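Working notes, structure below.
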Amino acid sequence: MQRGDAQDRALPRPLTPDHQHPIPKPSSVGVMTVHSARSSVTVPLGEVVPAAVEPTPMRVSEERYVLTPIPDPVFDIQHLSLYYGEKPALIDISFQIPRHQITAVIGPSGCGKSSFLRCLNRLNDLIDGSHIEGRVLLDGQDIYAPSMDVNELRRRVTLVFQKPNPFPKSIYDNVAFGPRIMGIRQRAVLDEIVERSLRQAALWDEVKDRLHASALQLSGGQQQRLCIARALAVDPEVLLMDEPCSALDPIATGKIEDLMVSLKENYTIVLVTHNMQQAGRVSDYTAFFYMGYLIEYQRTTDLFTHPRVRQTEDYITGRFG
Amino acid sequence: MRKRTIPRWRAEATPLLGLCGASLVMALLMTVAMLGLVFSYGLGLFWQKRIVHFQLRDGSRWLGEVWSRETVQDPTTGRPVRRIALHHGNRDLWGTAFRWIDEADVVRQEYPPDAVRIERLAWGPAFGQPRRVWAGDRPLIDPVDVRDPVWQELFASVHQDRRVLQDVEGQIDAVNDRLERVRRRELRLRHRSVSDPSAWAALQAEKARWEGVYGILALRRAALMERLQQYVLEVAIADGTALRIPLAQIVTVIPANRMSLGERIRLYAQRYWALITENPREANTEGGIFPAIFGTVSMVLIMSLAVVPVGVMTALYLREYARQSWLTRVIRIAVNNLAAVPSIVYGVFGMGFFIYTIGTAIDQTFYPWMAPTPVFGTGGLLWASLTLALLTVPVVIVATEEALLAIQPEIRHGARALGATQWQTVRHVILPAATPGVLTGLILAIARATGEVAPLMLTGVVKLAPDLPIDDRFPFIHLERKFMHLGFHIYDVGFQSPNVDAAQPMVYNTTLLLLVIVVVLNLTAIHLRNRVRRLYHQGAL
């Protein structure tokens, strides 16, 4: 886990072109902040786990803070619990996700961020032995209701995976995959969707001359943008992004972040990230998960500057995680 | 750090490496030895040797080709004796075509320039020195020289007539086929108790018509035969007595001692070509093995058509649809064990299930008027192919499952996350990705199936089946027909033949061809797989 430093707690800064710089500055990457984090608690450099930083016990805080109500929510999550077999992965999560905003979900590994994301388009259904309790309302409609068409739901709420996962098909066929399975066959319509989606994903100019080359020939960052274009091609309402930049270099990361900001005009984005700087840079709201519980949910600015819960503060200042 | 105490040779397992290398060499040697044996015998036996004339101490004389030489121990004296296996042919005279001659007994050995080897339609080759040609009871060419244009012209015209005769015989075959169809219609009418006199009259009229055609053709055939029979080649065999061979019986006359190298090479090529393209003669010991090649290849193709869909669908269900539980584990173990069941068991099962159960049911349902003659209720190409498909389906299932397992879950879930149904994901993402693996399974299945003989013997292979399963007669594909197979041919010719020595070239060359077919089929499948793999990586699939 990366540690945030004192400067980072002033996040979010306005989006400046600094992270588009070929060599990103330390503060925008977050991996060089270790020393400042240590010095902030006056620990000599090079020592292992200083005694001055009290290790937080593996205990979930009794304190919670969930901002509510949220104006114009897309998702209204009510007492959601998720179990893999007997083992709970999410416990009694309730909050609302605003429309046409970026909501970031942060938390240490294994806290249930990705599982939560996969509840929103029922991708957890594919895992044997998983079940949920509670309700998830999408525009007031329970997505776990028996009448819900799951495939339709997944088109409205699509997921972009952590690792770029283009199909081993051509670039064109990757983007056209969604429309095709929806039954669109006309070449002209497909052409138009493919071009629009690739433009939205800021990939068109790079691939327009080789649409029929294999998607596997693209670089990692291009592949991830292709996956975003592929998701946009089914015309979703919500884009779920599961650590979309964790496999990418800083330049590609910057491009994807810009892309997310530009997409929020038309789409609701839920972003799971390990990278608190990223959450601070791009998101409007942030939820902090810990061991399957939602600890705090606030506007991003507030969460990073004035966390209401001690555990959130410990986490974002890098005292554990 | 502690000093390493394991000696270097143990850490690097030097002796084990040597053992690995030795095993590899052993495997290579065995393969090379097997191929060398097959190639040297198979390819060598069609080479025309010189014809040698031996005069022995007891006064007897022999003409023929030296087949092999070997040294044996004399049972009484215990001294080594060198002896010669001589292929003297003329089986019609002596009942055998080979004999052993002690080299010590040979008084004189020469290579008479006019000695010929005569390939005949019956009784195997004859060796002798041509004397004259008879037309009926008067000499036509006397003396005859087989390089003389007069002889060659006569022989060519006889050949022409023989081709006409073959043509007529083909027509007779077609008429017989017509008559057989009329007979079946008659059986059908009788079975349905049709009393409509016009139907019977039409049937009788057609029967009479074809019988009339048959009569004409039979007359033509008789006339041609007679004309062909009148020319007779008289040859002097080894001891000088005359042997009269009708020209119609002669396939070729080979002046083996007067041939140039070029002629020998041409003859060699001709013999090989005949082997590949002609029907067998003489209880399969001569002629070609085309029906066996055709039968083997068509059987493997039909098996492939059956095994791939069944294997792929099974694996898909097992891996993609079925919930993984103890039941799927049991099924998987059972499938793996099926691959170890002896193939003869499959033969018995194929006979009991396909032939006696399904075949009989088909006969009772669709061909009741043919009873008691079975149509599908007896061995045939279809049943043999299905039996082999059953035998090889575990291989395809296992290979397909491996291929499905190798597909990353991100790809699967990626498609589902876009709203694709399970089937759409399978159809558009998973199957294309698994195709190379499926083809690998098919390659293994082909390799196994091509070499199988035992199950075929119970399900439809026969010694001789000149009627190919695919021909120009309606409905063109006759899956119920019995067929010939190279593997069975090896067994039949090599071990069931009345004339084992003469069949030797056949056995080796059949083996060779079987190997070639296995390699060709495999290379085709491998090529296909590599193509698919390339297309897949280019994203064109």
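Assorted remarks:
- Here the condition is being under 28 Å from B:A274 (Cα atoms), open to solvent by 30 Å² or more (accessible area, probe 1.4 Å) and touching a helix residue (DSSP H, G or I) at 6+ places or on another chain (Cβ under 7 Å); of B:L37, B:L45, it holds for B:L45 alone.
- Being modelled with pLDDT of 90 or more, open to solvent by 30 Å² or more (accessible area, probe 1.4 Å) and under 26 Å from B:Y321 (Cβ atoms) is a property that A:R118 has.
- A:I93 satisfies every condition listed in (1) out of contact with any Leu (no Cβ under 7 Å at 6 or more places or on another chain); (2) part of a strand (DSSP E or B); (3) touching a residue at least 60 places away in the same chain (Cβ under 8 Å) except (1).
- Some residue of segment A:226-235 being open to solvent by 60 Å² or more (accessible area, probe 1.4 Å), within 13 Å of another protein chain (Cβ to nearest Cβ) and within 30 Å of A:Q277 (Cα to Cα): yes
- Filter pass, A:A213 being touching a residue at least 60 places away in the same chain (Cβ under 8 Å) and within 8 Å of chain B (Cβ to nearest Cβ): no
- Checking B:D114 against (1) of a type outside the set (K, R); (2) assigned by TED's automatic domain parsing to the domain that holds B:V213; (3) surrounded by 16 or more Cβ atoms within 10 Å (Cβ to Cβ), the condition it does not meet: (2)
- Looking across segment A:124-160 at every residue that is in contact with a Gly (Cβ under 6 Å, 6 or more places away or on another chain) and either of a type in the set (D, E) or touching a residue at least 40 places away in the same chain (Cβ under 8 Å) (or both), the one that is nearest to the other protein chains (Cβ to nearest Cβ) is identified as A:R155.
- For A:Q223, the conditions (1) open to solvent by 10 Å² or more (accessible area, probe 1.4 Å); (2) touching a Gly at 6+ places or on another chain (Cβ under 8 Å); (3) in a helix (DSSP H, G or I); (4) closer than 30 Å to B:R534 by Cα are fulfilled apart from (2).
- Within segment A:177-210, considering residues that are over 24 Å from the mean Cα position of the chain (by Cα) and of a type in the set (G, A, S), the one farthest from the other protein chains (Cβ to nearest Cβ): A:A188
- Residue that is out of contact with any strand residue (DSSP E or B) (no Cβ under 9 Å at 6 or more places or on another chain), away from chain A (no Cβ under 14 Å) and surrounded by fewer than 17 Cβ atoms within 10 Å (Cβ to Cβ), where the choices are B:P374, B:P342: B:P342
- Subset tally (residues that are touching a residue at least 40 places away in the same chain (Cβ under 8 Å) and open to solvent by 80 Å² or more (accessible area, probe 1.4 Å)) for segment B:60-92: 1
- Of the numbered criteria (1) open to solvent by 60 Å² or more (accessible area, probe 1.4 Å); (2) under 30 Å from A:V234 (Cα atoms), the one B:F353 fails is (2).
- Complete set of residues in segment A:267-315 that are acidic (D, E) and under 16 Å from the mean Cα position of the chain (by Cα): A:D284
- Filtered by the rule that a residue be more than 7 Å from chain A (Cβ to nearest Cβ) and either in a loop (DSSP other than H, G, I, E, B) or of a type in the set (F, W, Y) (or both), segment B:409-431 gives a lone residue, B:W423.
- Looking at segment B:80-152, the strands (runs of 3 or more DSSP E) lying wholly inside it that each contain 3 or more residues that are under 37 Å from the mean Cα position of the chain (by Cα) sit at B:80-87, B:98-102, B:116-120, B:126-135.
- Pairing residues of segment B:444-472 that are closer than 25 Å to B:E278 by Cα with residues that are open to solvent by 70 Å² or more (accessible area, probe 1.4 Å) and assigned to a loop (DSSP other than H, G, I, E, B), at Cβ distances under 8 Å and at least 6 apart in sequence or on separate chains, gives B:G460/B:K482; B:V461/B:K482; B:V462/B:K482; B:K463/B:Q496; B:A465/B:K482; B:P466/B:N279; B:I470/B:F476.
- The condition of being aliphatic (A, V, I, L, M), over 30 Å from B:A174 (Cβ atoms) and facing chain A (nearest Cβ under 10 Å) does not hold for B:A406.
The values are calculated or read from the model by the stated rules, or taken from the named source; none is laboratory data. For clarity, every value in this text was computed on a predicted model and none was experimentally measured. Methodologically, a virtual Cβ is constructed for each residue, glycine included, from the backbone with ideal geometry; neighbour enumeration extends over all protein chains shown. With ligands, DNA and RNA removed, areas are computed over all heavy atoms of the protein, side chains included. Shrake-Rupley method; radii C 1.70, N 1.55, O 1.52, S 1.80 Å.
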